[in-house]
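Only one structure is covered here, and it is reproduced in the block below.
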Amino acid sequence: PEDTVTGSFASFISAARPEQLSQTVRQRSKRMILDSIGVGLVGSTTRVFDIALRYCRVGTAPPPPPPPALPAPLEPWFPQRPARTPSSLFPRQTHSMDFDDTWHPATHPSGAVLPALLAASQMLPANTKPNGLDFLLAFNVGLEVQGRLMHFSTEAHDIPKRFHPPSVVGTLGSAAATAKLLSLSPAQCCHALGIAASLAGAPMANAATQAKPLHVGNATRLGLEAALLAARGMEANPLILDEIPGCSGFSAFYSVYQPKPLPAPGQQHQFLLEKQDIAFKRFPAHLGMHWVVDAALSVRNLFINHAGSFSPSLIRSIMLKIPVSKYINRPFPSSEHQARHSFQFNACAALLDGEVGLGSFSESSIQRRELRELLDKVVVEHPEDNVANFDKMYGEVALLLHTGDVLTGKCDTFYGHWRKPLSKESLLKKFRSNASHVLPEEKVEAIITLVDNLENLPDSSQL
């Protein structure tokens, strides 16, 4: 029924129209798409991607028996099973360096949606290809579903402890976006969400490992499959998002669960992306690291002004004031993925080098004697007012010198946060730097032009 929470989401997915996307929403979502493509391209140079690529090349199972006939236009392309490579490899690329965008409540929204839409656009028959505006609308439907689901629980507003959010809301976001691109009926959209809920969820214990990028890859792939299965006629619980006493649906992933209907789209509907921008990362690490890096760079400048140059031997101890979050409190990381999730490592790398970048997480950089000596000096405090919440936390780095002097740097909002968004120039610089690891300059510039004019693209598969 349409008066249920799940029914309201299904109706929204089906009824949303391109004219409901404001200019702000279009621009912000195009920035997200461009950044995700760049992050995905540089992510294709990683060990994680190489493992996944070799698996897809040699581990493909024999094709299943032909399924029953589908109504046109889905029949010509559904049997090709597009989920295996383009929809699962690309999101693993985007998250392989933890370089992808982040929203609040905490999740990585683009990586779970964009690859599914790229795969579906590429494989739809020529006479049914969605245009660029349809693509933008489906992308924003996927974002909206993720954002609304995250607001169902106060637990979701804090840095996660149990489930990695993209593996939960991202799976349903991928299903919603794909369902929209395929023009599924409200009933089919409802079932796509229900199917996706049965395919969702990954534990936070696999953060800071090579398995973490699989969370985003599976969200894309399984959400896409959920929409395709719903298109075939598979059914699921039509109340999957509702609160049903004694029988968990989507509430299984979150405590203090209070679902709310999604208002019907109309001229007055305001997408969440209109209200809150996205956070773009300046370097490839967990979002929380960006606060301590900016704080460390600030206190490093004070140190140089104080002593004339940066000399670690003058430092007695390094105090970090950070929120409580166990999986990113790693005193001595031993791998690149642990280093990307270590307050201590990122603060010390910024102090030592004056920057944090792609090369900061190489094995040789992680194992440097000078860096290890700085890590030995780190002491951590968890002030009560520094909560594990990307909208409220701060990072503070204090250097106690052997002279007794104390120098302090603090960051409340890093450059790239939704309250302090990257400029167009900074975002383009990041994209060009990432994409140039894989593509020649002319192709890099062609992608920029294509995304910038996406709503005017007659065939989104060109992307």
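The values are calculated or read from the model by the stated rules, or taken from the named source; none is laboratory data. Everything quoted here is computed from the prediction, not taken from an experiment. No Cβ is skipped: glycine too gets one built from the backbone with ideal geometry, and neighbour counts run over all protein chains shown. Heavy atoms of the whole protein, side chains included, go into the accessibility calculation; ligands, DNA and RNA do not. Shrake-Rupley method; radii C 1.70, N 1.55, O 1.52, S 1.80 Å.
Observations, loosely collected:
- Condition met for residue 380 (open to solvent by 10 Å² or more (accessible area, probe 1.4 Å) and either hydrophobic (A, V, I, L, M, F, W, C) or part of a loop (DSSP other than H, G, I, E, B) (or both)): yes
- When 266, 233 are screened for being exposed (fewer than 13 other Cβ atoms within 10 Å of the Cβ) and closer than 25 Å to residue 103 by Cβ, only 266 passes.
- Checked against the criterion of being modelled with pLDDT under 95, out of contact with any strand residue (DSSP E or B) (no Cβ under 6 Å at 6 or more places or on another chain) and part of a loop (DSSP other than H, G, I, E, B), the candidates 83, 52 yield just one match: 83.
- The residues on offer are 299, 292, 216, and the sole one that is part of a helix (DSSP H, G or I) and at pLDDT below 95 is 216.
- Tally, over the stretch 14-23, of residues that are closer than 27 Å to residue 452 by Cβ and either in contact with a helix residue (DSSP H, G or I) (Cβ under 8 Å, 6 or more places away or on another chain) or crowded, with 16+ Cβ neighbours inside 10 Å (or both): 6
- Looking only at residues of the stretch 419-428 that are in contact with a Phe, Trp or Tyr (Cβ under 8 Å, 6 or more places away or on another chain) and either assigned to a loop (DSSP other than H, G, I, E, B) or open to solvent by 40 Å² or more (accessible area, probe 1.4 Å) (or both), we find that the one that is farthest from residue 104 (Cα to Cα) is 422.
- Residue list for the stretch 106-122, filter: crowded, with 24+ Cβ neighbours inside 10 Å and either assigned to a loop (DSSP other than H, G, I, E, B) or not assigned by the TED database to the domain that holds residue 153 (or both): 108
- Single residue of the stretch 429-463 satisfying the filter (within 26 Å of residue 18 (Cα to Cα), hydrophobic (A, V, I, L, M, F, W, C) and at pLDDT 95 or above) that is surrounded by the fewest Cβ atoms within 10 Å (Cβ to Cβ): 446
- Residue 340 vs. criteria under 27 Å from residue 97 (Cβ atoms) and either open to solvent by less than 20 Å² (accessible area, probe 1.4 Å) or among the acidic types (Asp, Glu) (or both): yes
- Residues of the stretch 312-332 satisfying the condition of being among the basic types (Lys, Arg) and either assigned to a helix (DSSP H, G or I) or free of Cβ contacts under 8 Å to residues at least 60 places away in the same chain (or both): 326
- None of 132, 111, 173 is over 20 Å from residue 230 (Cβ atoms) and either at pLDDT 95 or above or among the polar types (S, T, N, Q) (or both) except 132.
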